[in-house]
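See below for the structure under consideration.
The values are calculated or read from the model by the stated rules, or taken from the named source; none is laboratory data. Treat the numbers as computed from the prediction; the structure is a model and nothing was measured. Note: ideal-geometry Cβ built from the backbone for every residue, glycine included; neighbour counts use all protein chains shown.
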Amino acid sequence: MSELTMGGFIAAKRQEKGLTQLELGEKLGVTDKAVSKWERDISCPDIGSIPRLAEVLGVSVEELMRVDKEASAAAAEKPKKDLGSMLAMPFKAVALATGVAVAVLSVLEKIDAKSAFIMLGIGLALLGITSLGEDK
């Protein structure tokens, strides 16, 4: 039950009871569409319907609520990609591209020293930004 969301728990218990989404909805005074949304974790049951839902599913309110808490805790422990890690690859690519561009333009004698230093500075700044987000 540790990785099970509230929606997955509701679906499993409903199926154990041999109920359709429509039948469960009728017992709770909601539509089968509402039950479907609960089971797909798109929405949650109204707080007022949770005691009746627990009763119909044959579980305690605490058990029903604990499932969602445990799933939320497990989801919180999973590593999340932050903006810094998503930008690291493009920043490194641009930094490399500026270095290559400066080298090629220097060989072709198509860039002046001031422009070359500016481009290399931009590349180094991007590399510095990406290194800030790296775990040591």
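Residue pairs whose Cβ atoms lie under 7 Å apart, sitting 6 or more positions apart in sequence or on different chains, and linking a residue in segment 28-43 that is closer than 12 Å to ILE10 by Cβ and at pLDDT below 95 to a partner that is outside any helix (DSSP H, G or I) and hydrophobic (A, V, I, L, M, F, W, C), are TRP38/CYS44.
Just one residue in the set LEU19, LEU64, LEU4 is modelled with pLDDT under 90, at negative phi, surrounded by 14 or more Cβ atoms within 10 Å (Cβ to Cβ) and not in a helix (DSSP H, G or I); that residue is LEU4.
The residue pairs whose first member lies in segment 115-128 and is in a helix (DSSP H, G or I), whose second member is modelled with pLDDT under 95 and of a type in the set (Gly, Ala, Ser), and whose beta carbons are closer than 6 Å, counting only pairs six or more residues apart or on different chains, are GLY123/ALA95; GLY123/GLY99; LEU126/ALA95; LEU127/ALA95. Please enumerate the residues belonging to segment 93-109 that are loosely packed, with under 10 Cβ neighbours inside 10 Å and either not aliphatic (A, V, I, L, M) or not assigned by TED's automatic domain parsing to the domain that holds GLY128 (or both). Result: GLU109, single match. Evaluating GLY25 against the criteria (1) surrounded by 13 or more Cβ atoms within 10 Å (Cβ to Cβ); (2) out of contact with any Leu (no Cβ under 9 Å at 6 or more places or on another chain); (3) not in a helix (DSSP H, G or I) leaves one unmet condition, (3). Just one of the listed residues (ILE42, ILE10) is surrounded by fewer than 19 Cβ atoms within 10 Å (Cβ to Cβ), of a type in the set (A, V, I, L, M, F, W, C) and within 21 Å of ARG66 (Cα to Cα), namely ILE42.
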